[in-house]
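Asks: Supplied in structure tokens, the structure appears directly below.
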Amino acid sequence: MLIILNRKNKGFTGIHKKSNYLSLMFASFFRKKSIQRIVADAQAGFGDAEHTGLHKVLSVRDLTLFGMAAIIGAGIFSTIGTACFDGGPAVIFLFIGIALTCGFSALCYAEMASRIPVSGSAYTYSYTTFGELIAWIIGWDLIMEYAIGNVTVAISWSGNFTTFLRQIGIHLPDYLTRSFLEIRNGHLGYLSSLTDGKIATEAQRAAEQLWNSAPHIGSLPLILNLPAFVITFIITALVYIGIKESRAVSNGMVIFKVLVVLIVVIIGAFYVQPENWTPFAPNGMEGVLKGTSAVFFAYIGFDALSTTAEECRNPQRDLPRGMLYSLLVATLIYICAALILTGMVKYTSLGNEAFLANAFLQRGINWIGGVIAFSALIATASVLLVFQIGQPRIWMSMSRDGLLPAKFAEIHPRFKTPKFATILTGFLVGIPALFMDAAFVTDMCSIGTLFAFTLVCAGIMVLQKRKDLPDPKFKVPYINARIGAPVIVLGVLWLLFREDAEGKNIASGIFTMEGGYEVWKHLIPSWLFYVCFAIACGLAFVRRYSLIPLLGVLSCLYLLSTLGVVNWVRFIVWLAIGMMIYLAYGRKNSKLAR
């Protein structure tokens, strides 16, 4: 009997130990780093890996120009044309709507930067509000915005570079200026068209020709986007040398491209034909919203300013101003450019890569084409520069917290920049840019950015209710969500169930199981949005959260729901890979675990 009881006691002890282990592990996922400790660590020399600070040289003007460098880049020279083609002149409402979404997020980023004036962006902010696991997820997620997003920018720069060279009579071999995966996909599409008895598109025929004519290593064609790699190498070297040098180059590029855009707007205004603005919304709201992803990509970048907090002279004052000023100026430029373009020519002629130059060519202004092509080079290079600055500083923050090896936090003794992290970022961007397809990485960049925006806005909702924290120098205006949340809910319900002339409503197309799995699997993101919408509004009402961060959360969640189930699957796989790294290294080596 005693033996049996002893065995039972051992069994209970084993279960108890296992239960304790699981509870401790779960608790470790949500351990938080206090704002006071984050600021103290930064002031004391960051951590074990390095004991020398970064150069504090950035002013409000520098931050505003950095923000404009990141925002006014690929958007003004690529995505505006696609958005105008889809939505017509009414696309300006989409720019305003996305600007409001980014504005809500920018206000929340600004308060976070004022509360926590250290590098790390959304990663550091999440560490203080949601705990270590969410912080790791955001840090891993931000790689998609900065590093993977820069692959898109590098490929875009390569396209602008080869176009500019052609205009001055220089022709590089196509197999050295195109991405391998892009041509491979075109080649496979061509073969599929032949198999199905369909007519191949012009792009598929061009890809097939290049696939066969390029030099081969065995059976594999040698197709590399060499300009994309070279510009990444040059920008990474500049970022490595120092923030002062990067600031000077970035400011010069921003001033040049803004002057060019202003010239385009002013000259274009004299060629506007008001009849081109009729009809104002030729494809309805569906056409306007079709450009959501393209327009949002044009706004990505203002949040990168928060990674430079430790290089600001007065981050708590200057970072909020820099973010908001750059976002406001960029929005005004985008709206003016969209109105001028759709007024100069019919919106149907803007659905091409060279839409800006072609609009002027149609009106007989030939000389400006070369200026626009060169400006596109400067614009995309400036975006590349800002994001290459941001990514190493995210890794530096994660390393000083113990979630990454100490090597990532090493600061160059002379240049005062994160040396290993900067070099690694160069390889992480440059090598994929040789092979990757831009369309694939663009959507991944957007979903990663919106996810970070959502958590930062949610973090402000939580932090503003805490009484143990001092008031920051900048604070998002508090409006009780009990006033606004019911109005938002009623407004959304009205939009969902309002019947059109045919007696149909939006809800019937969203909340349906008709068509089988192949149809309703694409509705899953929308279903999740409305579940999260109800939860967020309910919590905000009960806990009296602030309305502006709530609007930021809801608008970002809505944009996330429009990115498609395929992108969500890729995103989940990416996060799963990150979780394995965290469980294998970060959780055990975290400084909060010591």
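The values are calculated or read from the model by the stated rules, or taken from the named source; none is laboratory data. Here the structure is a predicted model, which means the values were calculated and not measured. Glycine gets a Cβ as well: all are built from the backbone with ideal geometry, and neighbour counts include every protein chain shown. In case anyone asks, the SASA skips ligands and DNA or RNA and just uses the protein heavy atoms, side chains included. Shrake-Rupley method; radii C 1.70, N 1.55, O 1.52, S 1.80 Å.
Asks: Answer yes if at least one residue in the stretch 464-481 is touching a residue at least 24 places away in the same chain (Cβ under 8 Å), assigned to a helix (DSSP H, G or I) and either surrounded by 11 or more Cβ atoms within 10 Å (Cβ to Cβ) or within 23 Å of the chain's Cα centre (by Cα) (or both), and no otherwise.
Replies: Yes, the stretch 464-481 contains at least one residue that is touching a residue at least 24 places away in the same chain (Cβ under 8 Å), assigned to a helix (DSSP H, G or I) and either surrounded by 11 or more Cβ atoms within 10 Å (Cβ to Cβ) or within 23 Å of the chain's Cα centre (by Cα) (or both).
Asks: Quick check on the stretch 268-283. Is at least one of its residues touching a Lys or Arg at 6+ places or on another chain (Cβ under 6 Å) and open to solvent by less than 70 Å² (accessible area, probe 1.4 Å)?
Replies: Scanning the stretch 268-283, I find at least one residue that is touching a Lys or Arg at 6+ places or on another chain (Cβ under 6 Å) and open to solvent by less than 70 Å² (accessible area, probe 1.4 Å), so the answer is yes.
Asks: I would also like to ask the following. Out of all the residues in the stretch 145-169, which are buried (at least 24 other Cβ atoms within 10 Å of the Cβ) and hydrophobic (A, V, I, L, M, F, W, C)?
Replies: 147, 151, 153, 154, 155, 157
Asks: Also, quick follow-up: For the stretch 537-546, give me each residue that is assigned to a helix (DSSP H, G or I) and crowded, with 23+ Cβ neighbours inside 10 Å. So that I can check it myself, show each step before the final result.
Replies: Just the residues of the stretch 537-546 that are assigned to a helix (DSSP H, G or I), to begin with: 537-543.
Within the stretch 537-546, just 540 meets the criteria.
Asks: Answer with yes or no whether residue 407 is within 25 Å of residue 99 (Cβ to Cβ) and among the basic types (Lys, Arg).
Replies: No, not satisfied.
Asks: To continue, here is another question. Scan the stretch 94-142 residue by residue and report those that are open to solvent by 10 Å² or more (accessible area, probe 1.4 Å) and either free of Cβ contacts under 8 Å to residues at least 40 places away in the same chain or farther than 19 Å from residue 591 by Cα (or both).
Replies: Listed by number, the residues that qualify are 94, 96, 97, 99, 100, 101, 103, 104, 107, 115, 117.
Asks: For residue 459, indicate whether it is under 30 Å from residue 544 (Cα atoms), open to solvent by less than 10 Å² (accessible area, probe 1.4 Å) and out of contact with any Asp or Glu (no Cβ under 7 Å at 6 or more places or on another chain).
Replies: yes
Asks: Next question, about the same structure. Just one of (1) touching a residue at least 40 places away in the same chain (Cβ under 8 Å); (2) crowded, with 19+ Cβ neighbours inside 10 Å trips up residue 565, so point out which.
Replies: Residue 565 satisfies all of (1) touching a residue at least 40 places away in the same chain (Cβ under 8 Å); (2) crowded, with 19+ Cβ neighbours inside 10 Å except (2).
Asks: Which residue, of 394, 431, 372, is β-branched (Val, Ile, Thr), surrounded by fewer than 20 Cβ atoms within 10 Å (Cβ to Cβ), in contact with a Phe, Trp or Tyr (Cβ under 8 Å, 6 or more places away or on another chain) and part of a helix (DSSP H, G or I)? Steps first, answer last, please.
Replies: Details: 394 fails: surrounded by fewer than 20 Cβ atoms within 10 Å (Cβ to Cβ); 372 fails: surrounded by fewer than 20 Cβ atoms within 10 Å (Cβ to Cβ).
On inspection, the qualifying residue turns out to be 431.
Asks: Another question, if that's okay. Might you let me know whether the stretch 140-149 holds any residue that is closer than 30 Å to residue 216 by Cβ and not hydroxyl-bearing (Ser, Thr, Tyr)?
Replies: Of the residues in the stretch 140-149, the ones closer than 30 Å to residue 216 by Cβ are 148.
Narrowing the set further to residues that are not hydroxyl-bearing (Ser, Thr, Tyr) leaves 148.
So far as the stretch 140-149 goes, yes, one or more of its residues are closer than 30 Å to residue 216 by Cβ and not hydroxyl-bearing (Ser, Thr, Tyr).
Asks: Just to be sure, is residue 560 open to solvent by less than 20 Å² (accessible area, probe 1.4 Å), hydrophobic (A, V, I, L, M, F, W, C) and modelled with pLDDT of 90 or more?
Replies: Values: open to solvent by less than 20 Å² (accessible area, probe 1.4 Å): yes; hydrophobic (A, V, I, L, M, F, W, C): yes; modelled with pLDDT of 90 or more: no.
Answer is no for this residue.
Asks: So, one more: With the requirement that a residue be in contact (Cβ under 8 Å) with a residue 24 or more places away in the chain and more than 30 Å from residue 431 (Cβ to Cβ), what does the stretch 226-261 give you?
Replies: Selection gives 255, 258, 260, 261.
Asks: Separate question: If residue 325 satisfies all but one of (1) of a type outside the set (Val, Ile, Thr); (2) within 19 Å of residue 96 (Cβ to Cβ); (3) at pLDDT below 80, what's the number of the condition it fails?
Replies: Every condition holds for residue 325 apart from (3).
Asks: Sticking with this one: Could you check, for the stretch 408-419, whether at least one of its residues is at pLDDT below 85, under 30 Å from residue 264 (Cβ atoms) and in a helix (DSSP H, G or I)?
Replies: The answer is no; no qualifying residue exists.
Asks: Restricting the search to the stretch 402-436, which residues are touching a helix residue (DSSP H, G or I) at 6+ places or on another chain (Cβ under 6 Å) and of a type in the set (D, E, K, R)?
Replies: Scanning the stretch 402-436 gives 407, 410.
Asks: Another question about this same structure. Checking the structure you have, find out if any residue of the stretch 549-565 is over 24 Å from residue 149 (Cβ atoms) and in contact with a strand residue (DSSP E or B) (Cβ under 8 Å, 6 or more places away or on another chain).
Replies: Within the stretch 549-565, not a single residue is over 24 Å from residue 149 (Cβ atoms) and in contact with a strand residue (DSSP E or B) (Cβ under 8 Å, 6 or more places away or on another chain).
Asks: Has the stretch 493-510 got any residue that is farther than 17 Å from residue 455 by Cα, among the β-branched types (Val, Ile, Thr) and open to solvent by less than 30 Å² (accessible area, probe 1.4 Å)?
Replies: Residues of the stretch 493-510 that are farther than 17 Å from residue 455 by Cα, as a first pass: 493-510.
Subset that is among the β-branched types (Val, Ile, Thr): 506, 510.
Narrowing further to those that are open to solvent by less than 30 Å² (accessible area, probe 1.4 Å): 510.
Yes, the stretch 493-510 contains a residue that is farther than 17 Å from residue 455 by Cα, among the β-branched types (Val, Ile, Thr) and open to solvent by less than 30 Å² (accessible area, probe 1.4 Å).
Asks: Return the residues of the stretch 170-187 that are of a type in the set (A, V, I, L, M, F, W, C) and open to solvent by 10 Å² or more (accessible area, probe 1.4 Å); say none if nothing qualifies.
Replies: Correct list: 170, 172, 176, 180, 181.
Asks: Can you list residue pairs whose Cβ atoms sit under 8 Å apart, with the first residue in the stretch 412-428 being open to solvent by 30 Å² or more (accessible area, probe 1.4 Å) and the second being at pLDDT below 90 and of a type in the set (D, E, K, R)? Count only pairs 6 or more apart in sequence or on different chains.
Replies: Hits for this filter: 412/419; 419/410; 420/407; 420/410.
Asks: Here's something else I'd like to know. So which of 381, 359 ends up being over 30 Å from residue 147 (Cβ atoms) and among the small types (Gly, Ala, Ser)?
Replies: On the way: 381 fails: over 30 Å from residue 147 (Cβ atoms).
Checking each option against the conditions leaves just 359.
Asks: Search the stretch 218-248 for residues being under 26 Å from the mean Cα position of the chain (by Cα) and hydroxyl-bearing (Ser, Thr, Tyr), and hand back the single one that is surrounded by the most Cβ atoms within 10 Å (Cβ to Cβ).
Replies: So the residue we want is 232.
Asks: Right, next: Please enumerate the residues belonging to the stretch 342-369 that are in a helix (DSSP H, G or I) and either β-branched (Val, Ile, Thr) or buried (at least 24 other Cβ atoms within 10 Å of the Cβ) (or both).
Replies: 342, 347, 348, 356, 359, 368
Asks: The conditions are (1) open to solvent by 30 Å² or more (accessible area, probe 1.4 Å); (2) within 22 Å of the chain's Cα centre (by Cα), and residue 587 fails exactly one of them. Which is it?
Replies: Only one criterion in (1) open to solvent by 30 Å² or more (accessible area, probe 1.4 Å); (2) within 22 Å of the chain's Cα centre (by Cα) is unmet by residue 587, namely (2).
Asks: Another question about this same structure. Would you confirm whether any residue within the stretch 249-264 is more than 29 Å from residue 234 (Cα to Cα), surrounded by 16 or more Cβ atoms within 10 Å (Cβ to Cβ), touching a Lys or Arg at 6+ places or on another chain (Cβ under 9 Å) and not β-branched (Val, Ile, Thr)?
Replies: For the stretch 249-264, residues more than 29 Å from residue 234 (Cα to Cα), surrounded by 16 or more Cβ atoms within 10 Å (Cβ to Cβ), touching a Lys or Arg at 6+ places or on another chain (Cβ under 9 Å) and not β-branched (Val, Ile, Thr): absent.
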